[in-house]
1. Tell me, which strands (runs of 3 or more DSSP E) wholly within the stretch 370-482 include 3 or more residues that are within 16 Å of ligand 3 (Cβ to nearest atom)?
2. Search the stretch 275-290 for residues that are within 19 Å of LEU378 (Cα to Cα) and pair each with any residue that is of a type in the set (Lys, Arg) and not in a helix (DSSP H, G or I) when their beta-carbon atoms are under 7 Å apart and the residues are at least 6 apart or on different chains.
3. Within the stretch 554-572, which residues are touching a helix residue (DSSP H, G or I) at 6+ places or on another chain (Cβ under 9 Å) and either within 17 Å of ILE435 (Cα to Cα) or of a type in the set (Phe, Trp, Tyr) (or both)?
4. Condition check: on the phi > 0 side of the Ramachandran plot and surrounded by 15 or more Cβ atoms within 10 Å (Cβ to Cβ). Does GLY251 satisfy that?
5. Could you tell me whether any residue of the stretch 542-555 is of a type in the set (Val, Ile, Thr) and within 16 Å of ligand 1 (Cβ to nearest atom)?
6. Residues THR105, THR72: which one is crowded, with 16+ Cβ neighbours inside 10 Å, of a type in the set (Val, Ile, Thr) and outside any helix (DSSP H, G or I)?
7. Checking ALA55 against (1) among the small types (Gly, Ala, Ser); (2) closer than 30 Å to GLU183 by Cβ; (3) over 25 Å from the mean Cα position of the chain (by Cα): exactly one of these is not met. Which one?
8. Condition check: of a type in the set (Val, Ile, Thr), at pLDDT below 90 and in contact with a strand residue (DSSP E or B) (Cβ under 6 Å, 6 or more places away or on another chain). Does THR210 satisfy that?
Amino acid sequence: RSRALVHWAVSHRAEQTLSQNTAKTPVETAIWRCAVPSPLRRAFDYLQPEGCHGAAKPGARVTVPFGKRSVTAVILSIASGSPVEPAKLKAATALLDEEPLYTDTQRALLSWAADYYQHPLGEVLPVGLSPRERRGQPERAPTETGVRLTARGRGLPDGAPHRAPKQAAMVSRLKPGPLTLAELKAEGFSSAVIKVLKDHALVESCELATETAWQTRSPPLPANAEQQTAIDQIVAAAGAFSVHLLYGVTGSGKTEVYLQSVADCLNRGQQALVLLPEIALTPQTLARFEARFEAPVIALHSGMGDAERDRAWTAARRGHAAVILGTRSSVFAPLLKPGLIIVDEEHDAAYVQQDGFRYSARDVAIKRAQLEQCPVVLGSATPSLESWHNAELGRFQRHSLTQRAGTGTLPTLQQIDISGLELSAGLSPELLNKIEAALSQRHQVLVFLNRRGFANALLCHDCGWSSDCADCDARMTLHKTPPGLHCHHCGRRSALPRQCPSCHSSRLVGTGVGTQQTESFLSERFADFPVIRVDSDTMASRQAMPELIEQLAVGDPVLMIGTQMLSKGHHFPHVTLVAVVDADALLFSPDFRGEERLLQLLTQVGGRAGRDGTLGEVLIQTRHPDHPLMQRLDKPYHTALPDLLNHRVQAGLPPHGALGVIRCDSQDRQEGLSFLSQVRNGVTAPRGAQIIGPLSAAMARRKNRYRSQLVISAGSRSMLAKVMAELITAAEAARHSHRLSWSVDIDPYESL
Ligand code: ADP
Ligand code: ZN
Ligand code: ZN
């Protein structure tokens, strides 16, 4: 723990560049070595402003001139000299914090993340602040104001002031310690009494960490034996770092394990951080936590307004919030006294930030637990290969929940071989019969198709023209509601042509079925039942998902058609039939995680079925029923992992070894490739590491920019870090125009 803190002070890359030749030209005033929000991977020295004497602490925010702007920076360390000529040193404008807003571990974590993900520290540090704090404003005041005795008030003899019994009562009530205004009012002390005592300087306002006891509101469910074992082991691990992989089949009651582990954490007076992959899941989970605990439970996600976020940040930092439920970036939130971290659906791609500062919130959460010295629980019905592998190696403790909790049973899985079959909007006759049967028994049905729009592309039957996007190496998708062509990669939209733009033929046909087409077919075929499309086009508003869940809760028959949005941890208790329209789409994906993701998706989608006692059924349409992955769909998820892992070992891919990517984005294709060649030529890969490329990215052109990359594969993490550092130095030195930008991606998740 202490090493990590020292690391903040001395060993960051940016620091090293400066400190190698520090103190050649000592100057009188102290130097503030600062991290400035800029893509430059180095620290910047500023003179302490006049009239500011030795007060600054590392971690404090400061205002500094930077180029022509004034920016909010963070002090990394205070130095007595600078390698920069004294005449060229600028003075900082102002010190914004007497006490740093960052907690010690938060600083250590952010600094670690900048190092690990090789991203400029000046751009990483703001992630630990709330919106207004990033703008250089003070922390938003906590809403709870308290009242305490002043020194004079504490000096009063018992029973004083004698002529005012109400005032005397309040003074004696405050002797054991401060109370909040709300508490005082509840005990019958009016604002007038408080004001008089304030005017006499006997009491004063103070900010209070509400130390009210956190309690359980509703009793826990009686845990089954597997749940109890998991809870006992997580609870027993309190107070030290450990990683727990909670592998529980869908509906096995993982949330109950979280709730009971969190209860223990709150009883110890500590805060729990619970990470969720999706905003859409936060209201549901928030409600479950609020129903269980008599304690402040707060949410943190990108759908919140700045003011709400500022308030939540303060509550987390001051220890007022007991449970913090949040999406990806909340892993960097300040916490006064964390005792437990939970990462729900740990395999979910939404934990990976894919642009700017690229990181995996799951991996950062593990590092954070190590720094905070607390347990971290990774929960999933479909753990990532990385986590599974770590459990096999004994680095993570594994707890399995093999049965559905309560009355639910696991669904049966069955394939439908669709090769050579005539399909209607992607659906086989057998599937349509099953849907009909389920609806007529008044069950709910979920049809899964991971492609929105009406058709994948529009083609001309006569000349072969296709609806290519002008700015991407991709085809524009045909939409009917509202009509138009959309590029799902760059957002470009254009009108739906009536005739072929190339040969004027009117024989234009859509290829590849999307959710709109299946929806329109199903609403005609099953006109007596509501057909609901669930994709990012129909679920754009914040209320859409909660409203849908409410409608489904009634239990009337409903036919849903939707994208992967439906595969996320939602509860659809009345769904008995789940149909997967096109399982083959991922089977032959170029992404090395394609098979793993297909397996996860099918297990998760299937997991929506039969949660309420009725036996569920999952039907999977495929043209490759003999594929090894399709063959094992009826077996537990983890039985497929050894094979997948073997393929990765053979290919030298994670979780074996380590991968990094230097990505380049340029207006001119050739400029990107020659930039990367130049970078590559500046570095010799050591034995055991390989630099591959320059290569074009999987989609070489997007938004009219060319994307190319160098892929670095290394036998170990430390070797990867070393090679990446050398490549970054080479990239910083390489010349290029302003039309080119480059970035670093460690443990890449996007397909290569
Ligand atoms: P998961 O998160 O593993 O998918 P949930 O935690 O949502 O599963 O639990 C599924 C259902 O089982 C919920 O309705 C939950 O209330 C119920 N449940 C969980 N644990 C128990 C238990 N020990 N006894 C009875 N019902 C339980
Ligand atoms: Zn044509
Ligand atoms: Zn496009």
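1. 455-460, 477-480
2. What qualifies is PRO277/LYS568; GLU278/LYS568; LEU281/LYS568.
3. Selection gives PRO557, VAL558, LEU559, MET560, ILE561, GLY562, PHE572.
4. When the stated conditions are applied, GLY251 passes them.
5. yes
6. THR72
7. (2)
8. So THR210 fails the test.
The values are calculated or read from the model by the stated rules, or taken from the named source; none is laboratory data. Owing to the predicted nature of the structure, the values given are computational and were not obtained by experimental measurement. Positions of Cβ are backbone-derived with ideal geometry, glycine not excepted, and every protein chain shown enters the neighbour counts.
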